[in-house]
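> Sending over a structure as structure tokens; questions will come in a sec.
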């Protein structure tokens with residue numbers, strides 16, 4: 001404790017502050033508050049710059065055509081990105097279906113059941129998993145499918161598998177932290193009533209942690225929705241709409257944007273516009289998902305007293 | 001428990017407790033959890049095996065067969081150096097900033113807008129990595145050119161500012177800063193959850209004893225959230241070590257191993273190197289690239305071992 | 001608690017719905033083995049991969065082809081020339097685009113021929129593009145560089161814009177005292193390969209480096225992709241770089257000395273040098289392989305020697321009839337005058353000269369099922 005606290009509990013902090021040593025502590029407090037606020041402003045600068053640039057460069061590329069047409073048969077500046085939008089939604093959805101159950105169950109294992117070697121190994125290796133370069137995840141997914149399906153295979157689901165490798169550690173880490181914070185006295189109370197462990201987890205721990213879990217999943221989704229490198233080598237490039245992740249190449253917004261930027265052809269500005277518009281759409285998708293998640297969070301947030 | 005009221009929830013649970021149903025439910029659930037854990041380990045083992053298998057030919061090949069005619073160690077050392085440099089730079093900038101941002105949202109800002117602010121920070125995570133790359137070369141890079149010129153003039157005697165300052169701004173400094181912005185939302189989100197869940201009792205106790213807001217934070221929130229922050233930092237560091245597209249687009253890769261942050265001659269990172277060279281590579285060159293991926297795997301392993309050790313030591317105190 | 005359950009139920013329902021929709025009919029991206037309908041229209045699905053330099057052209061060709069043949073779906077993965085050749089050899093794609101002809105190193109050429117057996121290997125140029133020397137020097141509208149000066153600049157032996165070697169060829173131009181920042185490709189690329197080939201053939205005394213797709217000189221400004229080089233030169237003062245001429249946009253382009261003339265990177269000049277170059281006998285063993293040995297030392301008028309020639313690689317026989325039909329129709333379109341005009345319009349390439357088309361056509365017309 002501070003040596004400057006001489007007696008217990010004067011109810012009003014200002015009384016203490018007005019006692020001699022106060023101005024130094026108050027000054028430090030103000031300084032830290034200013035620094036903290038300043039840090040936030042600093043963090044907001046790149047955000048605003050980014051959003052501004054994306055909006056500025058992306059809005060010219062937006063049109064009804066962008067959202068409703070695919071690029072099949074599109075020459076020059078024509079065509080849209082509906083196939084890319086659909087592709088991103090499908091690939092990310094499949095990746096989530098793979099990652100979220102596995103990730104949360106693994107976090108439950110780590111937090112509620114785990115012991116001994118398996119637990120330590122899992123903890124350690126999940127950390128390692130966070131460092132897999134995104135392109136290596138893609139190469140691995142490609143090699144895996146090539147083993148069974150032959151060379152040159154390109155599928156939407158391959159992209160999902162590659163993205164899951166990147167999503168899972170984030171889901172596990174944040175879920176684990178969230179579950180850890182659920183106080184043990186809630187669990188103990190449940191056990192004292194004779195609740196079986198699995199019911200304790202599903203009916204008490206998970207709902208309490210629900211909001212934090214959703215945040216973790218949202219962060220993981222945001223992380224992968226803009227990933228390009230792994231998808232370049234797994235999902236291929238195609239200009240037609242494809243809604244089947246298990247059959248054929250599937251375009252997606254990230255690869256679409258990358259291609260438009262890298263090989264714009266003679267109509268350079270139109271292609272660049274499309275690339276930025278695709279980025280804008282990606283962010284919009286995540287924003288919408290985030291808003292939904294935030295509403296859920298607000299509804300189910302429980303504070304621990 | 002003689003008489004149990006079957007209409008209450010607790011009563012029903014107690015009634016079921018003595019039955020075999022509980023054991024089955026528990027068994028199924030715990031087995032599923034273990035299965036999930038094993039699946040992940042298997043997946044990771046698969047990745048490791050893949051890297052080893054594909055990378056092995058390059059590890060045992062002689063220098064003349066490998067790209068650039070160097071031995072594998074000579075090939076990967078500058079890349080490893082660049083990877084660690086960029087990631088360290090990013091972490092150094094991002095972690096303190098993320099902690100401050102998390103504190104701001106949970107303890108300084110008015111509670112009504114805290115959620116919106118958190119949402120804004122999380123938006124940074126949604127931006128695709130290529131866009132970060134493009135932002136780096138179109139906006140941040142050119143903006144830093146005058147700053148780097150100034151650094152070279154005034155502080156050029158320090159090796160990291162030796163220069164000559166790049167005219168396009170596509171330097172290690174900019175790459176590190178962009179990486180920092182990319183990992184900020186991850187670290188801050190994890191920190192935020194922890195800080196927000198600091199038990200009120202602890203905080204109110206400190207306030208009752210006359211602590212200022214900063215002192216309360218320092219005494220209760222920060223210690224409570226410490227392991228979460230380190231966890232979040234690990235997540236962010238992992239992301240920075242493995243980030244591919246942004247670095248590929250931004251960094252002017254000219255092969256030099258140097259601490260000079262503001263020049264155009266920079267070492268590449270392992271991930272960016274794979275992305276840059278994989279398309280045109282074939283044969284042993286591909287094996288070499290995958291072997292560098294293995295090295296990155298090892299680097300992440302070592303970094304995480306270090307972090308776990310730090311956490312363990314702190315918890316032992 | 002019950003509303004929490006509702007959320008889970010709704011989420012699962014959404015996931016299920018998405019899954020059903022996905023596994024249900026997919027639209028145009030499916031079905032192989034369609035027979036060609038009357039009126040000469042082709043259907044079926046084929047995939048190609050390879051050079052990123054060809055990407056814009058391939059996209060234009062695919063679009064126009066799909067417009068004319070609504071049942072056909074063609075895709076082209078711009079994974080890079082090396083990746084394209086590898087996938088072709090392993091049978092993963094029906095055709096490949098490559099900035100370099102299949103080489104005899106590591107037996108690539110033999111492997112490709114084996115892959116095509118019992119048919120024959122087809123390798124024809126389908127994309128010719130001049131490589132422009134772009135620079136950013138405010139106030140200097142026109143710049144003339146002879147090969148030796150050019151090589152010295154990129155070898156970092158000449159480091160300042162007002163160097164006498166540059167001034168010698170540009171009388172009357174006010175050259176500033178700015179530092180020269182040479183910009184090169186950080187990724188392995190056919191553009192780099194062709195540019196360094198030119199430098200090493202024409203001024204070997206200055207350019208002693210090994211020719212490859214990787215830029216050999218350390219310490220310059222390196223950018224990823226053609227767009228990267230163009231952006232770097234646009235934003236950096238005193239920069240000079242090399243890139244596909246069609247991407248130069250508003251940037252200033254230098255004139256290069258050929259013989260006694262100053263040449264600009266026009267499509268016509270690029271096509272002319274290919275026309276005047278001999279075949280590379282070693283790399284053209286078969287009836288249908290046409291790989292060029294570009295005569296970069298040429299001094300003839302109206303040529304521009306810094307060019308990129310990219311090839312289309314295919315087989316004369318394919319397993320399935322629909323695949324063979326589709327590849328044949330597509331390849332025929334690619335090397336036809338209409339196809340080449342389209343590529344010139346949309347991707348800025350130099351159309352194959354009529355003589356070159358005449359050589360390439362028989363090769364693609366030989367494609368059949370078998």
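> Any idea how many residues of region A:78-92 are surrounded by fewer than 20 Cβ atoms within 10 Å (Cβ to Cβ) and either touching a residue at least 40 places away in the same chain (Cβ under 8 Å) or in contact with a strand residue (DSSP E or B) (Cβ under 8 Å, 6 or more places away or on another chain) (or both)?
2
> Residue by residue through region C:90-111, note down the ones that are within 14 Å of chain A (Cβ to nearest Cβ) and over 17 Å from residue C:279 (Cα atoms).
If the condition is that a residue be within 14 Å of chain A (Cβ to nearest Cβ) and over 17 Å from residue C:279 (Cα atoms), then C:90, C:91, C:92, C:93, C:94, C:95, C:96, C:97, C:111 are the ones that fit.
> In addition: Just to verify a result, which residue in region C:210-227, among those that are farther than 21 Å from residue C:249 by Cα and either within 14 Å of the chain's Cα centre (by Cα) or without any contact (Cβ under 8 Å) to a residue 40 or more places away in the chain (or both), is surrounded by the most Cβ atoms within 10 Å (Cβ to Cβ)?
If we take residues in region C:210-227 being farther than 21 Å from residue C:249 by Cα and either within 14 Å of the chain's Cα centre (by Cα) or without any contact (Cβ under 8 Å) to a residue 40 or more places away in the chain (or both), then C:215 is surrounded by the most Cβ atoms within 10 Å (Cβ to Cβ).
> Report the residue count in region A:146-156 for those that are in contact (Cβ under 8 Å) with a residue 40 or more places away in the chain and either in contact with a helix residue (DSSP H, G or I) (Cβ under 6 Å, 6 or more places away or on another chain) or away from chain C (no Cβ under 13 Å) (or both).
Summing the residues that are in contact (Cβ under 8 Å) with a residue 40 or more places away in the chain and either in contact with a helix residue (DSSP H, G or I) (Cβ under 6 Å, 6 or more places away or on another chain) or away from chain C (no Cβ under 13 Å) (or both) in region A:146-156 gives 1.
> Can you tell me which residue among A:231, A:179 is farther than 30 Å from residue B:23 by Cβ and either more than 12 Å from chain C (Cβ to nearest Cβ) or assigned to a helix (DSSP H, G or I) (or both)?
Details: A:179 fails: farther than 30 Å from residue B:23 by Cβ.
Being farther than 30 Å from residue B:23 by Cβ and either more than 12 Å from chain C (Cβ to nearest Cβ) or assigned to a helix (DSSP H, G or I) (or both) holds for just one of A:231, A:179, which is A:231.
> Which members of region C:55-106 meet the condition of being at positive phi and buried (at least 23 other Cβ atoms within 10 Å of the Cβ)?
From region C:55-106, those at positive phi are C:80, C:91, C:106; that's our starting set.
C:80, the sole residue that qualifies.
> Looking only at region C:183-208, which residues are within 13 Å of chain B (Cβ to nearest Cβ), surrounded by fewer than 24 Cβ atoms within 10 Å (Cβ to Cβ) and not in a helix (DSSP H, G or I)?
Listed by number, the list holds a single entry, C:188.
Condition check ((1) at pLDDT 80 or above; (2) more than 30 Å from residue A:172 (Cβ to Cβ)) across all residues:
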{"position": "A:68", "(1), (2)": "yes, yes"}
{"position": "A:73", "(1), (2)": "no, yes"}
{"position": "A:88", "(1), (2)": "yes, no"}
{"position": "A:126", "(1), (2)": "yes, no"}
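So that you can scan it fast, the table gives a plain yes or no per residue for (1) in contact (Cβ under 8 Å) with a residue 60 or more places away in the chain; (2) assigned to a loop (DSSP other than H, G, I, E, B):
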position: C:47; (1), (2): no, no
position: C:53; (1), (2): yes, yes
position: C:57; (1), (2): yes, no
position: C:60; (1), (2): yes, no
position: C:65; (1), (2): yes, no
position: C:73; (1), (2): no, no
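> A further question follows. Looking at (1) in contact with a strand residue (DSSP E or B) (Cβ under 8 Å, 6 or more places away or on another chain); (2) within 15 Å of residue A:79 (Cα to Cα), find the lone condition where residue A:249 falls short.
Here residue A:249 clears every test but (2).
> Do the conditions hold for residue A:211, that is, is it facing another protein chain (nearest Cβ under 10 Å) and either within 22 Å of the chain's Cα centre (by Cα) or crowded, with 19+ Cβ neighbours inside 10 Å (or both)?
Answer is yes for this residue.
> Of the residues that make up region A:246-261, is at least one at pLDDT 85 or above, part of a loop (DSSP other than H, G, I, E, B), within 11 Å of chain B (Cβ to nearest Cβ) and within 22 Å of residue A:91 (Cβ to Cβ)?
yes
> Residues that are facing another protein chain (nearest Cβ under 7 Å) and without any contact (Cβ under 8 Å) to a residue 60 or more places away in the chain: does region B:217-227 have at least one?
No, every residue in region B:217-227 fails to be facing another protein chain (nearest Cβ under 7 Å) and without any contact (Cβ under 8 Å) to a residue 60 or more places away in the chain.
> So residue B:231 ticks every box in (1) over 19 Å from residue B:187 (Cα atoms); (2) modelled with pLDDT under 85 but one. Which box is left unticked?
Unmet condition: (1).
> Also, quick follow-up: State all residues of region B:182-206 that are more than 7 Å from chain A (Cβ to nearest Cβ), touching a residue at least 24 places away in the same chain (Cβ under 8 Å) and farther than 22 Å from residue B:247 by Cβ; if no residue qualifies, say none.
Result: B:191, B:192, B:195, B:196, B:198.
> Okay, next question. Quick one: residue B:288 ticks every box in (1) within 9 Å of another protein chain (Cβ to nearest Cβ); (2) surrounded by 24 or more Cβ atoms within 10 Å (Cβ to Cβ) except a single one, so which number is it?
(1)
> Only one of (1) free of Cβ contacts under 8 Å to residues at least 40 places away in the same chain; (2) on the phi > 0 side of the Ramachandran plot fails for residue A:75. Which number is that?
In the conditions (1) free of Cβ contacts under 8 Å to residues at least 40 places away in the same chain; (2) on the phi > 0 side of the Ramachandran plot, residue A:75 misses (2) alone.
> Something else about it: Step by step: first the residues of region A:262-286, then only those that are more than 7 Å from every other protein chain (Cβ to nearest Cβ) and more than 20 Å from residue A:83 (Cα to Cα), then the one that is modelled with the lowest pLDDT. Which residue is that?
Ranking the candidates gives A:267 first.
> Sort out for me the helices (runs of 4 or more DSSP H) sitting completely within region A:19-123 that have 2 or more residues that are within 7 Å of chain B (Cβ to nearest Cβ).
Ranges flagged: A:22-58, A:82-108.
> Looking at A:166, A:193, can you tell me which residue is modelled with pLDDT of 85 or more and within 7 Å of another protein chain (Cβ to nearest Cβ)?
A:193
> Which residues, taken from region C:230-255, are surrounded by 17 or more Cβ atoms within 10 Å (Cβ to Cβ) and over 22 Å from residue C:53 (Cα atoms)?
Answer for region C:230-255, where residues must be surrounded by 17 or more Cβ atoms within 10 Å (Cβ to Cβ) and over 22 Å from residue C:53 (Cα atoms): C:235, C:236, C:238, C:239, C:255.
> Which condition number does residue C:328 fail, the rest of (1) surrounded by 23 or more Cβ atoms within 10 Å (Cβ to Cβ); (2) under 12 Å from residue C:95 (Cα atoms); (3) free of Cβ contacts under 8 Å to residues at least 60 places away in the same chain being met?
Among (1) surrounded by 23 or more Cβ atoms within 10 Å (Cβ to Cβ); (2) under 12 Å from residue C:95 (Cα atoms); (3) free of Cβ contacts under 8 Å to residues at least 60 places away in the same chain, residue C:328 violates only (1).
> Would you check if there is a residue in region B:171-180 being at pLDDT 85 or above and at the interface with another protein chain (Cβ under 8 Å from one of its Cβ atoms)? First the steps, then the outcome.
Of all residues in region B:171-180, those at pLDDT 85 or above come to B:171-180.
From what is left, the residues that are at the interface with another protein chain (Cβ under 8 Å from one of its Cβ atoms) are none.
Within region B:171-180 (the criterion being at pLDDT 85 or above and at the interface with another protein chain (Cβ under 8 Å from one of its Cβ atoms)), the answer is no, since none of the residues qualifies.
> I've got another one for you. From the list B:49, B:137, B:42, which residue is within 13 Å of chain A (Cβ to nearest Cβ), buried (at least 19 other Cβ atoms within 10 Å of the Cβ) and in a helix (DSSP H, G or I)? Please lay out each step first, then the result.
Working: B:49 fails: buried (at least 19 other Cβ atoms within 10 Å of the Cβ); B:42 fails: buried (at least 19 other Cβ atoms within 10 Å of the Cβ).
Only one candidate passes the filter, namely B:137.
> Let me ask something else. Residues of region C:58-89 being more than 8 Å from chain A (Cβ to nearest Cβ) and within 21 Å of residue C:226 (Cβ to Cβ), which ones?
Hits for region C:58-89 are C:58, C:61, C:80, C:81, C:82, C:83, C:84, C:85.
> I'd like to verify a number: residues in region B:149-175 that are surrounded by fewer than 24 Cβ atoms within 10 Å (Cβ to Cβ), touching a helix residue (DSSP H, G or I) at 6+ places or on another chain (Cβ under 9 Å) and part of a helix (DSSP H, G or I), how many?
6
> In region B:237-255, how many are surrounded by fewer than 24 Cβ atoms within 10 Å (Cβ to Cβ) and touching a residue at least 40 places away in the same chain (Cβ under 8 Å)? First the steps, then the outcome.
So in region B:237-255, the residues surrounded by fewer than 24 Cβ atoms within 10 Å (Cβ to Cβ) come out as B:254-255.
Next cut, touching a residue at least 40 places away in the same chain (Cβ under 8 Å) only: B:255.
So the answer is 1.
The values are calculated or read from the model by the stated rules, or taken from the named source; none is laboratory data. Since the structure is predicted, the reported quantities are computational estimates derived from the model, not experimental observations. When we count neighbours, we look across all protein chains shown, and the Cβ atoms used for this are built from the backbone with ideal geometry, even at glycine.
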